[in-house]
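Here is the structure we will look at.
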Amino acid sequence: MKSVKKLGLTGRLPSGVETLESQAQRCYQQLSQFENNLNKFHCLDELHGRNETVYFKLLVDHFKELLHIVYDPTICDTIENWSQDYRRSHAVYLSIDRVDEIRDSFETLGLGPDDVDLIVCSDAEEILSIGDWGVNGTDIAIGKLAIYTAAAGVDPSRVIAVNLDVGTDNGDLLNSPFYLGNRHACVRGERYDNLISE
């Protein structure tokens with residue numbers, strides 16, 4: 001119990017000690033109470049932020065069932081509502097308006113070049129036949145990385161989801177008071193190429 005005291009958690013936790021299996025079973029039972037797939041996605045996303053180990057245990061144990069929740073088709077609903085429903089992010093955002101911050105953005109992760117196996121990057125200009133969703137498309141990269149971890153065993157601490165925020169041509173997003181991305185039309189051509197080169 002030294003670690004509990006050292007962490008300042010004395011009296012802050014129930015006495016029971018659970019295995020990973022029992023934690024995953026509880027979370028699966030909680031998840032099963034939702035009938036709506038978007039609500040299931042939000043439940044899983046919250047778990048991903050709170051306890052990544054249990055999150056991936058759940059995905060591995062119920063991969064076939066949860067694949068369509070963390071990716072297509074449910075991911076389309078999450079993308080359309082992403083800015084409005086924003087809670088937390090598991091990504092790095094690289095803005096075409098601040099190319100000089102790219103190195104600093106990656107350095108915030110504390111990872112060196114030998115610490116990363118996979119980067120999934122999207123500008124979200126054309127997602128799964130639903131079109132241009134700007135920064136709202138961030139979950140497409142996060143969902144793909146979750147699949148690579150659950151299905152192929154890629155270490156989630158060695159991956160990075162990246163959103164290239166190059167603007168959007170989606171008028172509904174640009175007019176939304178909640179939109180979190182760059183509020184201008186998609187930038188293409190030389191400026192886009194320079195972002196990619198950097």
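Side notes on the structure shown:
- D (Stokes-Einstein, µm²/s), Kirkwood Cα radius, the chain, 1.567 mPa s at 4 °C: 70 µm²/s
- In sequence order, calculated HN-Hα J values of region 189-198 (Karplus, 6.51, -1.76, 1.60; Hz; x Gly/Pro): x, 4, 5, 5, 4, 5, 4, 5, 4, 5
- With both residues required to sit in the chain, DSSP beta bridges show an antiparallel share near 10%.
- In Å, descending, principal axis extents of the Cα set of region 1-75: 46, 19, 18
- Estimated FRET transfer efficiency (ASN194, GLU65; beta-carbon r; R0 45 Å; 0.05): 0.55
- Gained length - GLN29 relative to ASP104, 0.36 nm times residue gap less alpha-carbon distance: 22.9 nm
- Euclidean distance between Cα centres, region 83-105 to region 111-187, Å: 9 Å
- Computed [θ] at 222 nm, deg cm²/dmol, the chain (DSSP H ≥ 4; -39,500 (n - 2.57); rounded to nearest 500): -13500 deg cm²/dmol
- Solvent-accessible area, 1.4 Å probe, carbon plus sulfur percent, for region 70-198: 46 percent
- Neighbourhood charge, 10 Å Cβ-Cβ cut-off, centred on TYR71 and excluding it, Lys, Arg +1 and Asp, Glu -1: -1
- Among SER122, VAL187, ALA146 - extreme Cα towards positive end, dipole of region 50-198, charges at beta-carbon: ALA146
- Cα centroid separation, region 56-74 to region 1-45 (Å): 18 Å
- Non-local lysine pairs in the chain, meaning eight or more places apart or on different chains, with alpha-carbon distances under 25 Å, amount to 5.
- Mean accessible surface per residue for region 53-198, computed with a 1.4 Å probe while every protein chain stays in place, in Å²: 51 Å²
- Within region 118-198, all pairs of alpha-carbon atoms sorted by distance into 10 Å bins from zero give the percentages 18, 43, 29, 9, 0.
- Amide proton proximity set for ILE119, modelled H, under 5 Å, gap of 5+: ILE160
The values are calculated or read from the model by the stated rules, or taken from the named source; none is laboratory data. Here the structure is a predicted model, which is why all the values come from computation and not from measurement. In this analysis, Cβ positions are derived from the backbone assuming ideal geometry, glycine residues included, and neighbour counts consider all displayed protein chains. What goes into the accessible areas is simple: the full protein's heavy atoms, side chains included, and nothing from ligands, DNA or RNA. Shrake-Rupley method; radii C 1.70, N 1.55, O 1.52, S 1.80 Å.
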